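Visitor: Would you mind keeping the following structure in view while I ask a few things?
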Amino acid sequence: MAELKNQKCTFCGENKLTLREDEVEIPHFGRVFVLSMDCSACNYRKSDIEPAESKEPCKYTFEVNSEDDLNVKIVKSGDATVKIPHVITMEPGPASSGYITNVEGLIEKVKKIVEDSVEGEEDSSAKKKAKNINKKLGKVLVGREKLKIIIEDPTGHSVIVSDKAQKSKL
């Protein structure tokens, strides 16, 4: 691991910032550089992961049919788009980050996004639509409804780790 100590912090101006870089292998993702910085003066912290190698753009499609499918692992890069037809499309942006979760975790994340999207909303039709979407997602979580998940990644670093997942070129 490479480390630079006593660097100037852009937030507080003190020479108490430590920069770190390490290269690690992440299963189903590949080699990455783990970058971090933290300042002992103002407690500023930031970390990021950057792929160390390029891959072919890819698209994964997965159909959730049972409660067992909720345990399927998902690795999503910060550049990937997640689509759940008739529910949501989550596009990458400047604040987009990668994550590792399972199908259940992704559904819970989507439920929260749907709830937050109508918070403080006066439009009752938007609230009703959000309630129906979350009702559907709740049925998926108990194995009573099917759901399709699509991940499109121009960097090729995302994956749905299941033999049932269909991989294709983007």
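Visitor: Provide a single number: the residues in region 125-157 that are crowded, with 17+ Cβ neighbours inside 10 Å and over 29 Å from ASP79 (Cα atoms).
Guide: Looking only at that region, the number is 0.
Visitor: Given the residues VAL87, VAL161, which is the only one that is surrounded by fewer than 16 Cβ atoms within 10 Å (Cβ to Cβ) and either touching a residue at least 40 places away in the same chain (Cβ under 8 Å) or aliphatic (A, V, I, L, M) (or both)?
Guide: Exactly one residue qualifies, and that residue is VAL161.
Visitor: Please return the ranges of strands (runs of 3 or more DSSP E) entirely within region 38-109 where 2 or more residues are aliphatic (A, V, I, L, M) and within 30 Å of ARG20 (Cβ to Cβ).
Guide: Per the criteria, 73-76.
Visitor: Is it the case, given these coordinates, that VAL114 is buried (at least 17 other Cβ atoms within 10 Å of the Cβ), in a helix (DSSP H, G or I) and assigned by TED's automatic domain parsing to the domain that holds THR155?
Guide: yes
The values are calculated or read from the model by the stated rules, or taken from the named source; none is laboratory data. Quantities reported herein were computed from a predicted structural model and do not represent experimental measurements. Because the Cβ atoms are built from the backbone with ideal geometry, glycine has one as well, and the counts that use them run over all protein chains shown.
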